[in-house]
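First up is the structure itself, then whatever we jot down about it.
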Amino acid sequence: MQSSDAPQVPRIPADVTVAGEYRAEVAREFRAAYERGATIRALAKASGRSFGFVRKILSESGVTMRSRGGPWRRARVPEAQTDPAAVS
């Protein structure tokens, strides 16, 4: 999913309680969008709800969460390679 593509999830006003069958429906829609590549932040923005709400719904749905940072995050360099004292 490209960053300019907004995920297709329902807009949920803050004063609406998300419970019961409606919560299960929202969880299915969020999970499907997340599994297509949407980020938690993008889902939160598109739905009008908080990052924490979206993360909790995804967690309840049983989705396997991706690691932080996405594919552009650099790998860590082992300390021995960055420590000048370790170089002889």
* Mean Cα-pair separation over length for segment 20-61, i.e. relative contact order, pairs under 8 Å, 6 or more apart, % -> 44
* Efficiency of FRET from Cβ geometry, R36 and V16, R₀ 41 Å, rounded to 0.05 -> 0.95
* Structure fact -> Scalar couplings 3J(HN,Hα) for segment 12-20 by Karplus 6.51 cos²θ - 1.76 cosθ + 1.60 (θ = phi - 60°), nearest whole Hz, x for Gly and Pro, are 10, x, 4, 7, 8, 7, 9, 9, x
* Provide the three semi-axes, in whole Å and in decreasing order, of the ellipsoid equivalent to segment 20-61 as defined by the square roots of 5 times the Cα gyration tensor eigenvalues. => 14, 11, 9
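Throughout, read-outs are computed from the coordinates displayed, never taken from laboratory work. Remember, predicted model here, so these are calculated numbers, not experimental data. So basically every Cβ, Gly included, is an ideal-geometry build from the backbone, and we count neighbours across all protein chains shown.
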